[in-house]
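Colleague: Questions regarding the structure given below will be posed in turn.
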Amino acid sequence: MTDIAYHPTRVRALREIFRALRAAEFPWTADTVYLNNASIGPIPERTRRALDEFTAKRTAPHLLPDRELFAGLAAARLGIAHLLNADPSEIALATNTGFGLHLAARALPLKPGDIVLLSDKEFPANVYPWLLLKKEGITVEVARCGPEGWPDENHLLERLRDPRVRVLAVSFVQFSNGYRADLKKLGAAARANGTYLVVDGIQGVGNSVLDVRETPVDILACGGQKWLLSPWGSGFVYVRKELIPTLEPTITGWMAFEGTDDFSRLTEYNPTFRADARRFEMITLPYQDFVGLTTSLGLLLEIGVRDIAEVTRAAHEPIVKWAQENGVRIASPLDDRHRSAILCVAPPKAAEAFHAVKRARIVCSLREGAIRLSPHVYNTIEEMEKVVEVLDDLS
């Protein structure tokens, strides 16, 4: 994970390049200001075409032989691996983030008396799987956030000296304020303590650089429908290669086992799990959604996540300037180490301001008492300035 500082000259050049991308891949943006990628990301035109082509074949199933279907899944694993600098063998395809977090909660070797450490204000998908473990004698410790509402990483690091803490579960980026965790620091401390680091990646992967070769993450779960600009039902779980052989899923798909690629010998049951992360996959997967994911990943990899990170953070500038000049609280971190593509601003009467923004045909969200703006690569600085105009009219 790398800190991103934006450079004005470079950002201006990137914006010009991305204007052409915006027109070709997101033509509907001519009529709508969409700053809501943290809720649902749009599907690019190239991805829509790929989905339409697949669906046309789906009407006549003989046009989609098994080899093509499984090649599509393999391509998705490869694209995800490229995004994270992982090995494809470390990628299990999944239909949502929650699947991977439940997998971690049930497959990691925890026993009564062990502690799972969470941070307060986590998204529920990264809370409920762990709370269920309390029935088995496992302690779930919820660390209070700091005064800003962000995870208190110093406290988490202190708790990672306790050998009873066996899991640290965090979000790469917080859904309600855009705080980006220092996964490298947390991961190093967790590794030193023999603690598993489990990450909900859905609000960071695609808008923030993450290299799992440099950042010691054990398990990361991510859906594709937000920052990866992919269909609902597409997602993945990254499991560190050295960890895979030690984990057995409590719920299995029939192709999680060795020998099941040979459809002529399916009743020669082999209870040996696959050696790679496919042991965690639940077949049948939605093939069409992963065709969409692979196509959208191709777009993101062409652009480069580093450039996406730089442009989206630079897009915050008009809002930040307006808030600072008017004494309005920014609920998101602004330092390069912890900022992300999400920017949350909390004007007085935030709900009223949010509805005014909506009336101006600007799509965003209201979360935890703040207006959440989440621009992606196709958004423009002029769109962010339009938000400022609406907010300024209310002050």
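Colleague: Residue check: is R77 basic (K, R) and either surrounded by 19 or more Cβ atoms within 10 Å (Cβ to Cβ) or assigned to a loop (DSSP other than H, G, I, E, B) (or both)?
Modeller: For R77, the condition - basic (K, R) and either surrounded by 19 or more Cβ atoms within 10 Å (Cβ to Cβ) or assigned to a loop (DSSP other than H, G, I, E, B) (or both) - is met.
Colleague: State whether the residues of the range 350-363 include one that is modelled with pLDDT of 95 or more, assigned to a loop (DSSP other than H, G, I, E, B) and buried (at least 17 other Cβ atoms within 10 Å of the Cβ).
Modeller: no
Colleague: Something else now. Does E141 meet the test of being in contact with a helix residue (DSSP H, G or I) (Cβ under 8 Å, 6 or more places away or on another chain) and more than 30 Å from G292 (Cβ to Cβ)?
Modeller: The answer is yes for E141.
Colleague: Consider L301 carefully, then state whether it is out of contact with any Cys (no Cβ under 8 Å at 6 or more places or on another chain) and either farther than 30 Å from T246 by Cβ or open to solvent by 20 Å² or more (accessible area, probe 1.4 Å) (or both).
Modeller: yes
The rows are residues; the columns are (1) open to solvent by less than 10 Å² (accessible area, probe 1.4 Å); (2) modelled with pLDDT of 95 or more; (3) within 25 Å of L51 (Cα to Cα); (4) out of contact with any Cys (no Cβ under 7 Å at 6 or more places or on another chain).
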position: V199; (1), (2), (3), (4): yes, yes, no, yes
position: I219; (1), (2), (3), (4): yes, yes, no, yes
position: K226; (1), (2), (3), (4): no, yes, yes, yes
position: S230; (1), (2), (3), (4): yes, yes, yes, yes
position: V237; (1), (2), (3), (4): yes, yes, yes, yes
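Colleague: So, in the range 228-274, of the ones that are among the β-branched types (V, I, T) and assigned to a helix (DSSP H, G or I), which residue ends up farthest from A75 (Cα to Cα)?
Modeller: The residue in question is T246.
Colleague: Considering only the range 31-47, how many residues are over 19 Å from L299 (Cβ atoms), of a type in the set (A, V, I, L, M) and open to solvent by 10 Å² or more (accessible area, probe 1.4 Å)?
Modeller: Result for the range 31-47: 1.
Colleague: Residues of the range 106-130 being open to solvent by less than 60 Å² (accessible area, probe 1.4 Å), part of a helix (DSSP H, G or I) and without any contact (Cβ under 8 Å) to a residue 60 or more places away in the chain, which ones?
Modeller: P124, P129, W130
Colleague: If you go through the range 49-60 one residue at a time, do you hit one that is in contact with a strand residue (DSSP E or B) (Cβ under 7 Å, 6 or more places away or on another chain) and open to solvent by 30 Å² or more (accessible area, probe 1.4 Å)?
Modeller: no
Colleague: Collect the residues in the range 339-349 that are of a type outside the set (G, A, S), under 27 Å from G206 (Cβ atoms) and either exposed (fewer than 15 other Cβ atoms within 10 Å of the Cβ) or touching a residue at least 60 places away in the same chain (Cβ under 8 Å) (or both), keeping them in residue-number order.
Modeller: Listed by number, the residues that qualify are R339, I342, L343, C344.
Colleague: For the condition closer than 30 Å to A370 by Cβ and either surrounded by 13 or more Cβ atoms within 10 Å (Cβ to Cβ) or not hydrophobic (A, V, I, L, M, F, W, C) (or both), what is the one hit in D261, D276, D336?
Modeller: Checking each option against the conditions leaves just D336.
Colleague: Something else now. Exactly one condition in (1) at pLDDT 95 or above; (2) open to solvent by 60 Å² or more (accessible area, probe 1.4 Å); (3) of a type in the set (F, W, Y) is false for F26; which is it?
Modeller: Among (1) at pLDDT 95 or above; (2) open to solvent by 60 Å² or more (accessible area, probe 1.4 Å); (3) of a type in the set (F, W, Y), F26 violates only (2).
Colleague: Across the range 364-378, which residue is farthest from P42 (Cα to Cα) among those that are in contact (Cβ under 8 Å) with a residue 24 or more places away in the chain and assigned to a strand (DSSP E or B)?
Modeller: Per the criteria, the residue is A370.
The values are calculated or read from the model by the stated rules, or taken from the named source; none is laboratory data. On a predicted model such as this, the values are computed, not experimentally measured, just so you know. Cβ coordinates were reconstructed from backbone atoms using ideal geometry, including for glycine residues, and neighbour counts include every protein chain displayed. Side chains included, ligands, DNA and RNA excluded: accessible areas come from the protein's heavy atoms. Shrake-Rupley method; radii C 1.70, N 1.55, O 1.52, S 1.80 Å.
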